[in-house]
Protein chains: 4
Amino acid sequence: MDKKELIRQSAAEVFSKEGYYSTTVKMIAAEANIAVGTIYIYFKTKEEILDYIFDVEHNKRIQYFEGLQEHSLGIIEVIESFLDYHFNELQENPSISKVLVQEDLSPLMSKTKNMRTYSSKLPDMLAEMLKKAQENGQIGNIDAPIVARLIFQLIKGSVYISQEKKEVNWQNEVKSQIISLITKGIQN
Amino acid sequence: MDKKELIRQSAAEVFSKEGYYSTTVKMIAAEANIAVGTIYIYFKTKEEILDYIFDVEHNKRIQYFEGLQEHSLGIIEVIESFLDYHFNELQENPSISKVLVQEDLSPLMSKTKNMRTYSSKLPDMLAEMLKKAQENGQIGNIDAPIVARLIFQLIKGSVYISQEKKEVNWQNEVKSQIISLITKGIQN
Amino acid sequence: MDKKELIRQSAAEVFSKEGYYSTTVKMIAAEANIAVGTIYIYFKTKEEILDYIFDVEHNKRIQYFEGLQEHSLGIIEVIESFLDYHFNELQENPSISKVLVQEDLSPLMSKTKNMRTYSSKLPDMLAEMLKKAQENGQIGNIDAPIVARLIFQLIKGSVYISQEKKEVNWQNEVKSQIISLITKGIQN
Amino acid sequence: MDKKELIRQSAAEVFSKEGYYSTTVKMIAAEANIAVGTIYIYFKTKEEILDYIFDVEHNKRIQYFEGLQEHSLGIIEVIESFLDYHFNELQENPSISKVLVQEDLSPLMSKTKNMRTYSSKLPDMLAEMLKKAQENGQIGNIDAPIVARLIFQLIKGSVYISQEKKEVNWQNEVKSQIISLITKGIQN
DNA sequence: TATGAATGAGTTTTCATTCAT
DNA sequence: GATGAATGAAAACTCATTCAT
């Protein structure tokens, strides 16, 4: 397997369990079954690993989002689709999702470029879509940029809420409640 | 002024600017104009300071919440009141609010007992109120515990969204959009 | 004893035995019987310790030199005096003298500011004195700046030559040969 | 070109710019356009490369010196010849000369055998010649071993002095001042 | 021979915590 | 109680050296 990829996944695994700051590079190396030095062949600093995790995941989401736009779906369906994607990822890659949410929610914590860049790109894309839906009369009179951000807060928050109970039913319930809240919330 | 209180506020100030892990005890001492050693008279560890910040703030909020219950307000008014309280705090004590949200959102990150305890207490209280409102027919058919949690995610998220622009108008707009989203979202 | 002074001397001791690069901060701490961390209270980096050693020693020499100028001595006496001072230091503080010479001779090695600044100041002062002596007809037709530098090379070199044999007689002989070489060398 | 020779020159190039300790084996490999592993086919350790540079250069000088002896020149001419050789090398192979002088001047720094061996061999040969010249009455009453060493200090020092200005004139002036200083210095 | 990814011991530096004053 | 110098464990990161290809 590609070493960089191995490191990315191992790092996410440990970050999600311990948090970025409590994770040592040695831990990541142990998780990946490689030597510390090897990590530094692929990444200049520990922070760069976190950056890379964001890079990859955000790009995946942005691409997914862009893909959605081509299908001329209603705004509700778009949000629903994205939530599906999100919950799917959460189940398949719980560690990476957790890292993504965890660190993204503390923008004050890290000064990394990537994190800042991405953390507004996705909401901005959604805002754009909300605006169009508004012009089409699909949804009510809302402040698109703010509501877009609120929606992402709900999506991110779902990671924590999901964690409280492990049952699949709970996760589905969380998703359906978010959908319901948003659907009704953006109507006129 | 009470030393413990001085430390709490100074710590919150620095935590909010630098994040918990990047803050050194020396920085807190400098901010408080006292010696490092003094901090260790009032707190056993650095983590205990963070704990204490949570302790105080959560208690304030819980008390405020309990106070609200006595006034037999409608659920929407309760939420609105709490949001008022929250945004007021955000303006008066931006640093403490930021710390509260920042570190609370990463339950995975810190192993502190207090934080875990509190982070579900407030949602549980709100869930209780939502349930009653539901029984009264005030609101629609929702999953109270989940929705309560989602509402708190929105409140927490508002700290970040508020930060994007400094204007008071923006803050008011954020608040009103949250209210609107929730109000419509929990109707039948 | 002053801690900074203790560190300076301990560092010089180890540097002189092992060389700057082969010396670890742990070694310095061990030599000084203190903890590594203590060193970092007084110095920001390992390099700063070297810098400080230079700072102190060069300043001593510059002051000594300036003191000599007030006594309106002949140029030969000045050089002789400085050599006396130099050999005296060499005997009393062999480690510091060695470090001084060792690292000063490798200007390419360290990019430190102090070292560069000082390493030409002393020769420049001597050049000035040589020039005046020349104008007075005390000495012959030489290129003052170059000869000043050559004289310092001889002085520095004497540290190594002195090391070959430990006998005091050898050291005296080295000194007297340097004096003789210079005295005759700068005559007409 | 011979690989070992290529490595020697590339290493000298980098050593002269960065100093021995700040040079990594990777840098040498990059300079030579070969792989790190290749270096370890020809040299067992990094130190051995430095050793080899000394080896080659000292041998060149010793051979040159031995060649001089066959021409039954006067001592002054011998020194002058050697200086010519030295300054010529300095212009043609500045990097190697710098390394030679830089690292050789710190016998305390490296524990290498070769360096120690050579650093006294050349002075010893010169001392021998001085002694004979003394017996012939060519020069005055000096301490041959010491003066021989002082002469080499001047030669080595010239590398640094030469560096201060790039003009050829300056280099010539340095050489002529050294000759003059020695010539007059060893007369009776 | 030649390669360069992998190794891990060893380095500098930081910082929570202690304790003599 | 208050101080802040001292501590040393632990962190991030480096780099000479090895070895499978």
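Could you work out the longest stretch of chain C that avoids the GluC sites (Glu not before Pro) located in DSSP loops with at most 12 other Cβ atoms within 10 Å? Counting only loop sites that pass the neighbour cut-off, the longest clear stretch is C:71-166. Select from B:9, B:180, B:50 the residue farthest towards the positive end of the dipole of chain B; place +1 on Cβ of Lys and Arg, -1 on Cβ of Asp and Glu, and compute about the Cα centre. The residue sitting farthest along the positive end of the dipole is B:50. Legend: residues in the stretch A:146-162 shielded by at least 30 square angstrom of accessible surface upon adding the remaining protein chains to the isolated chain (1.4 Å probe, heavy atoms) are A:146, A:149, A:150, A:153, A:154, A:160, A:161. Each residue of the stretch B:28-41 is assigned a 3J(HN,Hα), and the resulting list reads 4, 4, 4, 4, 8, 6, 10, 8, 3, x, 4, 4, 6, 7 Hz, derived from the Karplus form 6.51 cos²θ - 1.76 cosθ + 1.60 (θ = phi - 60°), x at Gly and Pro. Taken along the Cα-to-beta-carbon direction at a fixed 7 Å, the label points for residue D:168 and residue B:2 span 8.5 nm.
Taking Cα centre as origin and charging only the Cβ of basic (Lys, Arg, +1) and acidic (Asp, Glu, -1) residues, the dipole magnitude of the protein assembly as shown rounds to 580 debye.
Positive-end ranking of C:148, D:122, A:64 along the dipole of the protein assembly as shown, with charges on Cβ about the Cα centre, is headed by D:122. Along the stretch D:13-26 the Karplus relation, 6.51 cos²θ - 1.76 cosθ + 1.60 evaluated at θ = phi - 60°, assigns HN-Hα couplings of 4, 6, 3, 5, 7, 10, x, 4, 6, 7, 8, 9, 4, 4 Hz to successive residues, with x for each Gly and Pro. Charged side chains reduced to their Cβ positions (Lys and Arg at +1, Asp and Glu at -1) give the stretch A:1-105 a dipole of some 580 debye around its Cα centre. Working from Cα pairs under 8 Å separated by at least six residues, relative contact order for chain B is 21 percent. Solvent-accessible area lost on pairing A with B (1.4 Å probe, both sides summed) amounts to about 3600 Å². Solvent-free Debye calculation, one equal scatterer per alpha-carbon of chain D: log10 I(q)/I(0) at 0.10 Å⁻¹ equals -0.45. Its DSSP H runs of at least 4 residues, each contributing -39,500 (n - 2.57), put the calculated 222 nm mean residue ellipticity of chain B at -26000 deg cm²/dmol, to the nearest 500. Taking the centroid of alpha carbons for each part, the stretch A:171-188 and the stretch C:6-26 are 68 Å apart. Ranking B:41, B:30, B:19 by how far each Cα lies toward the positive end of the dipole of the stretch B:11-66 (charges on Cβ) leaves B:30 at the top.
Can you compute the FRET efficiency between residue A:141 and residue D:30 using 1/(1 + (r/R0)^6), with r the Cβ-Cβ distance and R0 = 45 Å? Round to the nearest 0.05. Calculated value: 0.10.
What is the angle, in °, between the Cα long axis of helix D:168-185 and the longest principal axis of the Cα atoms in chain D? Nearest 10 is fine, range 0 to 90. With both axes taken from Cα atoms, the answer is about 40 degrees.
Note on the stretch D:46-185: with charges restricted to the Cβ of Lys and Arg (+1) and Asp and Glu (-1), its dipole about the Cα centre is near 340 debye.
The figure for residue B:72 is an accessible area of roughly 100 square angstrom, using a 1.4 Å probe on the protein chains alone.
Using a probe radius of 1.4 angstrom, the carbon and sulfur fraction of the accessible surface of the protein assembly as shown is 48%. Measuring heavy-atom accessible area with a 1.4 angstrom probe and counting protein chains only, the residues of the stretch A:1-44 that give up at least 50 Å² relative to the chain alone are A:21. Remark: spin-label model distance residue D:18-residue C:41 equals 3.7 nm, labels positioned 7 Å along the Cα→Cβ axis.
Within the assembled protein chains, the solvent-accessible surface assigned to residue A:76 is about 40 Å², based on a 1.4 Å probe.
With every protein chain present, what is the per residue accessible area of the protein assembly as shown (1.4 Å probe, Å²)?
Value returned for the protein assembly as shown: 44 Å² of accessible area per residue.
The values are calculated or read from the model by the stated rules, or taken from the named source; none is laboratory data. Remember, predicted model here, so these are calculated numbers, not experimental data. Note that we place each Cβ from the backbone using ideal geometry, even for glycine, and neighbour counts take in every protein chain shown. Accessible surface areas use protein heavy atoms only, side chains included; no ligands, DNA or RNA. Shrake-Rupley method; radii C 1.70, N 1.55, O 1.52, S 1.80 Å.
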